[in-house]
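The values are calculated or read from the model by the stated rules, or taken from the named source; none is laboratory data. Keep in mind it's a predicted model, so treat the numbers as computed, not measured. Here the Cβ positions follow ideal geometry from the backbone for every residue, glycine too, while neighbour counts run over all protein chains shown. We work out accessible area using only protein heavy atoms, side chains counted, and drop any ligands, DNA or RNA first. Shrake-Rupley method; radii C 1.70, N 1.55, O 1.52, S 1.80 Å.
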Amino acid sequence: GKMPEKRSFYRELAEKAGYEPVDEVNSSLSLLVAADLSEKSGKLDKATKAGIEIVSLDDWLASLPEDISIPAKNEPEIHQLELF
């Protein structure tokens, strides 16, 4: 489904947390993160039938280790620069 940030943002978070992001639902998938659990989608149906764990995006983000930084939404990233 449509997510608040670009997919590349979530892929990077997943990789930092030790996940291997994939683009399709198959029998080797262990977790499906969905932006909207109430949305009807082929991926949600396929994961449900296969017995794959499904979590909401918000729950998944909350489960990430504390040492993985998640920038605040819609706020520009601040880069510091020292000039001398």
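List of remarks:
- Nearest-0.05 FRET efficiency for LEU64 and ASP36, computed from C-beta distance (R0 25 Å): 0.80
- Chain lengthening between LYS16 and MET3 when straightened (0.36 nm per residue, less Cα-Cα): 2.8 nm
- In region 1-73, the GluC sites (Glu not before Pro) that fall in loop regions by DSSP, at most 12 other Cβ within 10 Å: GLU24, GLU39, GLU66
- The trypsin sites (Lys or Arg not before Pro) found in region 1-48 that occupy coil by DSSP, while having at most 11 further C-beta atoms within 10 Å, are LYS2, LYS6, LYS40.
- The apolar share of the surface of region 1-68, taken as the fraction of accessible area on carbon and sulfur atoms (1.4 Å probe, ligands and nucleic acids excluded), comes to 47 percent.
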